[in-house]
Amino acid sequence: MAGRLVKVSSLVSAVCASSGLYLYSQNVDVNDLSIVRFGRAAATTAVISFDYLTAFRNVQYGTDEYCVLRSEVHRRSAERLRFLCCANRGTFIKVGQHLGALDYLLPEEYTSTLKVLHSSAPQSTMDEIRQVVREDLGKELGQLFVSFEEEPQGAASLAQVHRAVLADGSVVAVKVQHPKVRAQSSRDLAVMEFLLQAVHWIFPDFAFMWLVEEAKRNMPLELDFLNEGRNAERAADMLKHFEFLQVPKIHWDLSSKRVLTMDFADGGQVNDREYMRQHGINVNEISRNLGKMYSEMIFVAGFVHCDPHPGNVLVRKCPRSRKAEIVLLDHGLYQVLKQDFRMDYCRLWQSLIKGDMKGVERYSRRLGAGDLYPLFACVLTARSWTSVSTGISHTPVTRAEDVEIRTNAALYLPQISELLNRVPRQMLLLLKTNDLLRGIETVLQTRASASSFLTMSRCCTRALASYKRSKTTSRTKRIKISLAETVALWQIGLYELMLWTQSSLLARWIRSLLSCLPHPH
């Protein structure tokens with residue numbers, strides 16, 4: 001028996017040694033091997049699951065001790081997940097970034113920990129960049145560009161961007177896909193799907209299959225840079241009436257499925273208040289314009305840029321006009337909203353803004369929330385049920401309410417998981433987009449502004465009027481619809497004027513003067 005064990009162990013050692021020598025001779029990175037990536041993901045999942053299964057055995061649910069312990073388990077599990085994403089890179093980082101953007105849907109311990117993945121993406125070597133360009137464009141870098149900076153301007157989960165100069169002197173940004181991402185993505189998603197199903201079997205309340213479903217649907221689109229270029233041109237044409245918006249022009253002769261060349265655009269990130277202060281950019285103006293842009297995309301056009309994290313939204317002063325501009329980058333991930341869905345979404349937001357609770361229930365149910373419509377309204381607005389019931393446009397956001405919402409994300413995680421599995425798939429990216437935009441507003445300290453609700457009201461009014469006109473052949477009815485639309489827009493404008501008057505310097509001066517006058521006895 002001992003002799004057999006010696007023979008078997010010797011054989012295993014020889015196989016491992018020869019395999020290691022072969023991989024070393026072929027310059028294979030062990031991190032790229034499917035078995036290694038699966039093993040690392042499975043081990044991390046097992047450790048996190050075991051932690052949640054055993055940590056609360058001797059603690060009574062609902063006590064202060066339980067809450068403290070739960071936060072600790074969330075925190076160390078999030079750290080393990082972050083380490084896994086950084087180790088496996090590519091698709092894992094992309095999914096981790098998606099989770100990190102869900103501020104009001106996941107516990108704060110997860111979102112704050114996973115947010116750093118936006119700045120922890122891997123870099124490809126220059127040899128790998130040259131190889132991708134050579135394979136896709138058929139020429140060497142030196143034949144295509146007068147100069148090409150080796151240090152990337154930024155690296156993301158799927159690609160990195162380099163600054164280059166063309167023969168005519170034009171400065172361009174060249175986005176090059178990491179060479180191994182495309183081959184690994186389908187296998188990585190299969191691993192995630194298998195492990196999430198295993199976790200759901202252990203924890204029935206944990207229902208995050210929507211995450212993999214979305215990734216499986218969107219990843220092929222994000223990996224096709226020609227699709228990204230087409231999205232960029234469509235968005236630029238759709239929003240051309242916004243003079244403050246710039247979308248870099250695509251150079252199609254220097255683009256492929258893995259290489260995208262566009263005009264170079266510089267500026268500060270949209271959440272960089274210090275950059276805006278130094279360059280004389282009005283924070284409130286930027287926040288208003290961002291709201292106008294996204295309300296137009298969501299409610300009117302139904303074609304939505306779904307990755308507005310700060311690295312993809314730049315602000316700058318236009319060199320010629322000296323006006324503040326927003327530069328929108330990374331057009332790989334868009335959501336096309338179906339017309340019926342978009343109309344129900346418009347009506348739901350109008351109900352939320354007005355505090356029309358019958359409308360909130362009706363349109364939430366039509367969007368798939370069912371009996372979870374109160375939770376859906378809170379998730380969508382990131383407001384408490386008290387604020388929703390009063391009308392979110394009439395109740396300013398407070399720090400206490402923000403803390404309450406984030407705390408509830410941990411308390412109601414099973415219900416939130418169920419809700420996300422119920423609603424139409426289109427809703428998932430909208431919720432992520434909402435959270436990213438709210439995160440920007442929070443940093444800019446403009447979340448309490450009523451201007452965003454007024455902008456949304458205008459867009460909802462226009463979208464619904466356009467929809468009603470398209471459904472009738474009667475000229476008289478079209479005129480009535482247009483008149484009702486004009487009246488509604490005038491009402492919104494008058495309300496905005498009233499708010500401006502109340503907050504203006506003149507109004508404050510008059511109030512101060514009146515307070516100084518002697519009161520009659």
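The values are calculated or read from the model by the stated rules, or taken from the named source; none is laboratory data. Everything numeric here is computed off the predicted structure, so don't read it as measured data. For neighbour counting, all protein chains shown are included, and Cβ atoms are generated from backbone atoms with ideal geometry for every residue, glycine included. Just the protein is used for accessible areas: all its heavy atoms, side chains included, with ligands, DNA and RNA removed. Shrake-Rupley method; radii C 1.70, N 1.55, O 1.52, S 1.80 Å.
Probe radius 1.4 Å, ligands and nucleic acids left out: which of His162, His241 has the largest accessible area, and how do the rest follow?
Sorted descending by solvent-accessible area, the residues read His241, His162.
At a Förster radius of 30 Å, what calculated FRET efficiency corresponds to the Cβ-Cβ distance of Val68 and His279, to the nearest 0.05?
On the way: r = 44 Å, r/R0 = 1.46.
Calculated transfer efficiency: 0.10.
To the nearest 10 Å², what's Ser147's accessible area with a 1.4 Å probe?
Taking all protein chains as shown, Ser147 has close to 50 Å².
To the nearest 20 debye, what charge dipole does region 278-422 have about its Cα centre, counting +1 at the Cβ of each Lys and Arg and -1 at the Cβ of each Asp and Glu?
520
Along the charge dipole of region 227-269, which of Phe264, Met238, Asn227 sits closest to the positive end, that is, farthest toward it, with unit charges on the beta carbon of Lys, Arg, Asp and Glu (+1, +1, -1, -1)?
Of the candidates, Asn227 comes out farthest on the positive side.
Among 163-170, 210-217, how do they line up from the highest to the lowest mean number of other beta-carbon atoms within 10 Å? Before the final figure, lay out the partial values.
Values: 163-170: 12.8, 210-217: 16.9.
In descending order of packing, they fall as 210-217, 163-170.
Provide the solvent-accessible area of Arg422, counting protein heavy atoms only and rolling a 1.4 Å probe, rounded to the nearest 10 Å².
Approximately 100 Å² of Arg422 is accessible to the 1.4 Å probe.
Charges only on Cβ, +1 for Lys and Arg, -1 for Asp and Glu: so what's the dipole of the chain about the Cα centre, in debye to the nearest 20?
With only Lys, Arg, Asp and Glu charged at Cβ, the dipole is about 1600 debye.
Which aspartates and glutamates, on any chain, are close to Lys358 with Cα under 16 Å apart, when same-chain ones fewer than 8 places away are left out?
Asp344, Asp371
Going toward the positive end of the dipole of the chain, with +1 on Lys and Arg Cβ and -1 on Asp and Glu Cβ, which of Phe148, Val443, Val47 do you reach last?
The listed residue farthest towards the positive side: Val443.
Could you derive backbone 3J(HN,Hα) for region 422-427 from the dihedral phi with the Karplus parameters 6.51, -1.76 and 1.60 (θ = phi - 60°), listing whole Hz in sequence and x where the residue is Gly or Pro?
7, 5, x, 4, 4, 5
Express the carbon and sulfur contribution to the solvent-accessible surface of region 416-474 as a percent, rounded to the nearest whole number, probe 1.4 angstrom.
In region 416-474, the share of accessible area belonging to carbon and sulfur is 51 percent.
Rounded if a/c is under 1.5, else prolate if a/b is larger than b/c, else oblate: which is region 196-290, with a ≥ b ≥ c the root eigenvalues of its Cα gyration tensor?
oblate
When ranked by the protection proxy of mean other Cβ atoms within 10 Å per residue, highest first, what sequence do the peptides 106-118, 351-363, 125-137 form?
For the peptides 106-118, 351-363, 125-137, the packing ranking is 106-118, 351-363, 125-137.
Taking a threshold of 27 Å on the Cα-Cα distance, which of the pairs Lys175/Lys338; Lys338/Lys432; Lys94/Lys257; Lys240/Lys323; Lys139/Lys240 fall above it?
Lys175/Lys338; Lys139/Lys240
Cross-link partners among lysines for Lys480, C-alpha distance below 20 Å, same-chain residues fewer than 8 apart left out?
Lys468, Lys471
Binning every alpha carbon pair distance of region 372-493 at 5 Å from zero, what are the percents per bin?
Histogramming region 372-493 at 5 Å steps yields 2, 9, 15, 18, 16, 14, 11, 8, 4, 2, 0 percent.
Quick one: accessible surface of Thr486, probe radius 1.4 Å, all protein chains present, in square angstrom to the nearest 10.
Surface accessible to solvent at Thr486 totals approximately 70 Å².
Apply the a/c threshold of 1.5 to the C-alpha gyration tensor of region 245-364 and tell me whether it is rounded, prolate or oblate.
oblate
Select one label from (1) -0.27, -0.61, -0.74; (2) -0.35, -0.76, -0.92; (3) -0.46, -0.81, -0.92: the one whose number is log10 I(q)/I(0) by the Debye sum over Cα atoms at q = 0.06, 0.09, 0.10 Å⁻¹ as derived from the coordinates shown.
Derived directly from the coordinates: (2).
Taking H placed 1.01 Å from N in the peptide plane, check which residues at least 5 places from Gly154 or on another chain put their amide H under 5 Å from its amide H.
Those lying under 5 Å, H to H, from Gly154 are Val161.
Determine the distance separating the Cα centre of region 87-135 from the Cα centre of region 283-306; give it in Å without decimals.
25
How far, in nm, would the chain grow between Lys480 and Asp127 when pulled straight, counting 0.36 nm per residue and subtracting the alpha carbon separation?
120.6 nm
What fraction of the DSSP beta bridges in the chain is antiparallel, stated in percent and rounded to the nearest 5?
Of all bridge pairs located within the chain, approximately 95 percent are antiparallel.
What does the accessible area per residue of the chain come to in Å², with a 1.4 Å probe and no ligands, DNA or RNA counted?
51
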